[in-house]
Amino acid sequence: MKKVIAREKLPELWKSLSAQGPLFLPVQEGPVVLFQQWQEGAKINLEATNTAVPPKDLFLPREETYMQYRCKGKELEVIPAEEVKPAVLFGVHPCDLSAVELLDKVYIEQDPADELYKIRRENTTVVALSCTEPDPFCFCNDFAINPADAPGADVVAHLKNGSLLLEAGTDKGKTLLKQAEDLLEDGSGQSFEPGEVKTADFGLKLEGLPENLKNRFDDSAWDELYKSCLGCGVCTYVCPTCYCFDVEDFGHEAGGERFRCWDSCMYGHFTEMAGGHNPRPGRKERIRQRFMHKLQYYPETFGQIACVGCGRCLRSCPVNLDIVQAIQTFGGETVEQC
Ligand code: SF4
Ligand code: SF4
């Protein structure tokens, strides 16, 4: 199903979709663009290359109460988490959609699945937005992502010649376009063919990288690579493929709750154990963990590198330490096994 809408009619589309449930879009907030729930007067920015923070918090919120319980004498009543309403996430670029698919492998395809994440994914219709002009930090081509297409999306949208072309890729996508059919015109005569969009070439050598890294845990290159890191954790919060969280229970006589929030392997307490031992006591061990996880451990488990080349860690790290440096340091060199 292919539809088209003139750009000047988009505010009507946002209004119509948001009347049916929460609608999240890239919104200009001062100097940054963030995914936010639509409201009248929001400055929607569909031209932005990437939002400052990826849309992963739609599925894995920064903080949430996982469940609550009440005690009545010896009885324990479990109060389930709030019901998740169907929502629309509009304007996700292909790199961020690929990152969500990486998170799905962890949160849905493992047994047991993470129920809250799974329900949010099932209840959200994702409209991807193709890119026409990547910025100098984007390098998704290295991970076989075409910025001009998003085959896994419910709907793929393209901004072309003053219009937005919308093509449904799933039943959820078709339902969404039907819900807005009063505003949409038939797009079957329009060209939806994805073009070719080139992203930055940092000369990365990815072939054999996970296997090579297996033998380089104790490599002296880590002694240099980590040195500038401040341990601020920004790289993990802005990364669409970082997914670690912390869980805490807060209890009292009458009940309590289980709470979780994003955590970062860049922090000292992340691996600190109850007895005080910390297997990653310094920034070197933490930086190594971050890059080994993305470039060796995740690929070993799921068969692909856990980076989508969104460029956020390149844009955001205050000391310019990013995954490109790690790949340049360790990529393309084979280390013989002892
Ligand atoms: S690599 Fe950069 S962004 Fe990440 S913790 Fe270190 S200083 Fe912060
Ligand atoms: S490691 Fe950096 S470039 Fe790769 S997905 Fe994360 S933030 Fe984006």
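Computed from the coordinates by the stated procedures, all read-outs in this text should not be read as laboratory data. Quantities reported herein were computed from a predicted structural model and do not represent experimental measurements. Methodologically, a virtual Cβ is constructed for each residue, glycine included, from the backbone with ideal geometry; neighbour enumeration extends over all protein chains shown.
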Lys and Arg at +1, Asp and Glu at -1: add these up for the other residues within a Cβ distance under 10 Å of Ile79 and post the number. -2
Under a plain spin-label model, where a point goes 7 Å from the Cα along Cα-to-Cβ, how far apart in nm are Glu181 and Glu253? 6.1
Neighbour-count ranking for Ile327, Ile79, Ile119 (other C-beta within 10 angstrom, fewest to most) reads Ile79, Ile119, Ile327
How much length, in nm to one decimal, is gained on full extension between Phe245 and Glu115, taken as 0.36 nm per residue of separation minus their Cα-Cα distance? 45.3 nm
Considering the dipole of the range 209-330 built from charges on the beta carbon (Lys and Arg +1, Asp and Glu -1) around the Cα centre, which of Pro299, Leu209, Tyr243 is farthest to its positive end? Leu209
When the scattering of the chain is computed by the Debye formula from its Cα atoms alone, each counted once and equally, what is log10 I(q)/I(0) at q = 0.08, 0.10, 0.12, 0.15 Å⁻¹? -0.44, -0.67, -0.93, -1.30
Chymotrypsin sites (Phe, Trp or Tyr not before Pro), restricted to the range 149-221: which are DSSP loop and have at most 12 other Cβ atoms within 10 Å? Phe217
What number, in percent, do you get for the relative contact order of the range 2-186 if the mean sequence gap of Cα pairs under 8 Å and at least 6 apart is divided by its residue count? 25
Environment charge at Lys118 (Cβ cut-off 13 Å; Lys +1, Arg +1, Asp -1, Glu -1): -3
Once the mean of 1/r over all distinct C-alpha pairs in the range 119-176 is inverted, the Kirkwood radius in Å reads 12.6
What dipole magnitude, in Debye to the nearest 20, does the chain give about its Cα centre under +1 on Lys/Arg Cβ and -1 on Asp/Glu Cβ? 380
What FRET efficiency do you get for Glu193 and Gln28 if R0 is 25 Å and r is their Cβ-Cβ distance, rounded to the nearest 0.05? 0.25
Picking from Gly91, Ala180, Ala157, whose Cα lies most toward the positive end of the charge dipole for the chain (charges on Cβ: Lys, Arg +1; Asp, Glu -1)? Gly91
Dipole magnitude of the range 209-330, debye to nearest 20 (Cβ charges: Lys/Arg +1, Asp/Glu -1, about Cα centre): 460
Calculate the length of the line joining the C-alpha centroid of the range 56-111 to that of the range 146-213, in whole Å. 25
